[in-house]
Structures are given as C-alpha cells and as structure tokens.
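The values are calculated or read from the model by the stated rules, or taken from the named source; none is laboratory data. Note that the structure is predicted; figures quoted are calculated from it, not measured. Glycine gets a Cβ as well: all are built from the backbone with ideal geometry, and neighbour counts include every protein chain shown.
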Amino acid sequence: MTQPSDRTDAALVLFSGGQDSATCLAWALARYARVETIGFDYGQRHAVELSCRAPLRAGLAGLRDWGARLGPDHLIDLTAGIGALGATAMTAEQAIVMTDEGLPNTFVPGRNLLFLTYAAALAWRRGLRRIVAGVCETDYSGYPDCRDDTIKAMQLPLNLGMQRRFVLETPLMWRDKAATWALADRLGGAPLVSLIVEGTHTCYLGDRTRRHDWGYGCAACPACDLRAGGWARWRSGQGE
C-alpha cells in the first residue's frame, strides 16, 4: 500500500458542529492549504449537533478563499463503543449535576482520548500531520481530558504508536469564551460570527427551539451558561 506524503500544510479538525470546533475549523482554514474534518456520533444527547455540521461546512466554504481549502468530511460511528461504557448525562436523559469527584456528570470518561486516537488513525491514512481540537481549560466544564497537560501527554503515544510526527494543535486552550467569540470575529468578521450564532449547537440538552442573542439552547445547562456568558463579555468589550 502506497502511503500518502506527509503534508505539513494540511490539517484534520475535530469538528462536532459546536461553537468551539467551528471556530477551530475557521482558524485552520485561515492557515492551511488543505483542511479535512472528522466528527463522531457517540450517542450524544445533543446529537442535533451532527446535523449542523454540513451546513456549517458549506457556510465556511463561502467565506474568503476557504472553499478551495476545505477537503472531505469523515463521520465516525462510536455509538456501540462509548455507549457500552455506561450512561452519563451527556448520553442519557439525566439531570446535570456535580459528582462526588468534583466533575459534572456530563463527563464521558476517555471521550476526547478516543477522539484523538481515531483522528490520528485517520490522519495517518490521509497523510495529515496537524490535528486540531477545540479543547480548552480556561473557560470550560472541568473535563480532565480537555486540559493542556492531557493533550501534550497524548501527543507522545500517538506519535510513537503510529510512527508519525503529529502535532496536536489547540488554538482555544488558553482562551475563554469571550476570547473565542473575538477570535471568530478576527478570522471572518460579522459573517463568521453570524454563522456561528445561527448554525452551531452547544446546548447539552439538544434544545434548538429557543433563540438567544448568542444562538440556540436551553440557556440553563453548563454549556449554554459558558456560551452566553462569553457572548455577553465579548459584546460588552465592544461597547455594546
């Protein structure tokens, strides 16, 4: 089997259909000549995010010269694997609460580690060196697999186990949600901000019936709180 060449000017973006991953996709499109996306169906309660992915990709392709840079999308079915590990409030109809370990019960153990492993396996086959993820530990839900130390540690076994020089890039790691909105504005101006407001999904409960200034959601779950708070701080900083 002929291996594809290592394209240092190409990237694979973990793209869920949410605000953070859409911003990361725009960030990658602004930097790399070729960008592919990967998403995961893991039985998430807010599976509506998956239906947002294609329209978002189409919208991003219409901005700047990004259409020429946007490559194929890949959707991976992990419903059997993650579902077999037990239900959480992210995958089942449960009230969202804090556990005795100090973590929200929306935490799916190992989820991002699995995502990165699958992404690296696909990147290996596609000849992509850079893997971009929208994880963050500045303004987040407290998940340990979103932390900088975890991502840095994960890069080593992926490189050793696949004999590649992957670079795990996390452009949002040290940005809070206000700074994430500001980054979207810098990357694509009002059209990109509008696309993210209208087209992305963040709400853990999968609610797209209620429209707010910052987008759709229940306005009560932790994800909505973070998104709404970041929007308010960003808009306040603009003097609006």
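Worth a mention:
- Some residue of the range 8-24 being assigned to a strand (DSSP E or B) and modelled with pLDDT under 90: yes
- Apart from one condition, Met173 fits all of (1) touching a helix residue (DSSP H, G or I) at 6+ places or on another chain (Cβ under 7 Å); (2) exposed (fewer than 14 other Cβ atoms within 10 Å of the Cβ); (3) among the aliphatic types (A, V, I, L, M); the exception is (2).
For (1) over 22 Å from Leu29 (Cβ atoms); (2) more than 21 Å from the chain's Cα centre (by Cα); (3) crowded, with 17+ Cβ neighbours inside 10 Å; (4) of a type outside the set (Lys, Arg), each residue gets a yes or a no:
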position	(1), (2), (3), (4)
Gly161	yes, yes, no, yes
Glu169	no, no, yes, yes
Gly189	no, no, no, yes
Ser194	no, no, no, yes
Trp234	no, no, yes, yes
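- Under the condition of being surrounded by 17 or more Cβ atoms within 10 Å (Cβ to Cβ), without any contact (Cβ under 8 Å) to a residue 40 or more places away in the chain and of a type in the set (Gly, Ala, Ser), the residues counted in the range 205-221 number 1.
- Filtered residues of the range 138-147 (kept if farther than 20 Å from Phe40 by Cα and either aliphatic (A, V, I, L, M) or in contact with a Phe, Trp or Tyr (Cβ under 8 Å, 6 or more places away or on another chain) (or both)): Thr138, Gly142
- Residue list for the range 142-159, restricted to those being under 20 Å from Arg227 (Cβ atoms) and over 15 Å from the mean Cα position of the chain (by Cα): Gly142
- Filtering the range 152-177 to residues that are free of Cβ contacts under 8 Å to residues at least 24 places away in the same chain and in contact with a strand residue (DSSP E or B) (Cβ under 7 Å, 6 or more places away or on another chain) leaves only Gln155.
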